[in-house]
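Computed from the coordinates by the stated procedures, all read-outs in this text should not be read as laboratory data. This structure is a prediction, so every number in the text was calculated from the model and none was measured. Glycine also receives a Cβ, built like all others from the backbone with ideal geometry; neighbour counts cover every protein chain displayed.
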Amino acid sequence: MKERIAIVCPGRGTYNQNELGYLKRNHGDRFALLSEFDAYRAQQGQPTLSDLDGRDKYSLKEHSSGDNASALIYACAYADFLSIDRDRYDIVAVTGNSMGWYIALACAGALAPMDALHLINHMGVAMHNALIGGQLVYTLLDPQWNPLPGRREQVLALLNDINDELGAEEAFVSIELGGMLVLAGSDRACKMMMAQLPPEQERFPLKLHNHAAFHTPLQNPVMQQARQELASAPFRAPQTPLVDGRGVIWTPWSTDTQALWDYTLGHQVVETYDFTKAVEVTLKEFSPDRVIVLGPGDTLGGSVAQTMARIHWRGVEDKHSFSARQSANPVLLAMGRDEQAAPLRKK
């Protein structure tokens with residue numbers, strides 16, 4: 001009997017120094033797919049994905065910029081998705097975080113692979129060229145994933161105070177990310193957040209390099225441009241259920257493709273992306289045996305696990321119980337980790 005798995009697609013910031021060479025190491029045999037992706041990038045006058053992935057050294061400036069990182073992460077994640085052994089695993093739902101929503105569209109079949117690349121590359125270039133504002137990450141949990149009393153209210157009050165001081169809406173919650181918040185805003189709002197948020201665990205608040213104020217109204221110019229230039233994007237009903245950044249399910253049987261286009265190039269760009277809700281709905285509605293986070297990297301694993309603990313899923317209540325469950329019978333696997341990916345891939 002096949003195992004039921006749910007797929008989580010990664011967003012920006014997951015192809016880092018340790019991931020250099022990910023495509024070559026794991027998917028060097030996918031010549032047709034990568035050649036097609038490379039030809040598209042060359043036509044756009046951009047470095048090919050094979051070239052970026054094959055560099056001797058990782059360049060933060062080049063590899064993390066939106067015009068390169070978005071397409072590179074998509075290629076890694078989609079190739080991971082294709083490598084999953086369908087004889088052993090039944091994919092029951094697909095979701096993703098932020099840019100991972102675009103990858104999820106491809107994995108679920110709502111966009112053809114090259115159409116998804118065009119969408120992702122266009123949005124990556126547009127965000128990079130505009131580079132409106134920035135993002136930072138802040139935790140709402142202690143090291144054992146217990147909620148810090150009053151922390152969420154403290155953060156939201158600070159955002160309100162900053163907006164009042166600036167006389168405009170410039171500070172926002174960008175992404176609900178398990179036990180963390182991704183905050184975003186104008187450059188001056190980000191500086192104020194970094195200065196005024198209480199330091200936590202010698203790590204937070206954490207400024208994200210080369211990230212704009214995604215999922216906020218500040219991206220309205222990017223959204224309007226995308227709606228014009230991608231007006232004819234060929235969306236179709238997904239072959240596998242999709243869960244979006246509001247927790248809404250798009251099914252093969254009832255999807256309105258115009259509404260899917262409108263969400264993807266509307267709400268998804270300028271409103272808070274609730275990844276926590278997306279994972280929660282995926283777990284509750286589809287009850288997978290395991291959750292698989294596509295590569296590159298494994299940074300989303302913590303957010304998924306924290307969401308499991310939030311709803312006490314399969315006995316997971318905190319970091320300790322999650323670790324115990326993982327040791328006994330893993331409920332979460334990251335394809336960015338070789339030892340966890342090996343059993344998932346086709347022999």
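A compact table of results
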read-out	value
Residue-count net charge about Ser83 - beta-carbon cut-off 9 Å; Lys, Arg +1, Asp, Glu -1	+1
Debye log10 I(q)/I(0) at q = 0.09, 0.12, 0.15 Å⁻¹ for the chain, Cα point scatterers	-0.46, -0.85, -1.37
Stretchable slack from Gln154 to Gln258, in nm (0.36 nm times residue separation minus alpha-carbon distance)	33.5 nm
P(r) histogram, all alpha-carbon pairs of the range 105-263 included - 10 Å bins from 0, percent	10, 32, 30, 22, 6
Helical segments meeting 24 Å axial Cα length and Kyte-Doolittle -1.0 threshold in the chain (DSSP H)	66-83, 113-130
Summed residue charge, Cβ within 12 Å of Trp261's Cβ, Lys/Arg positive, Asp/Glu negative	-1
Two-site FRET efficiency, Ser50 against His209, from Cβ-Cβ distance with R₀ of 25 Å, rounded to 0.05	0.55
Pairwise Lys count, the chain - Cα closer than 29 Å, eight or more residues apart or different chains	19
Where labels lie 7 Å past Cα in the beta-carbon direction, separation of Arg290 and His320 in nm	2.7 nm
Net charge, Ile249 excluded, C-beta distance under 15 Å - Lys, Arg +1, Asp, Glu -1	-2
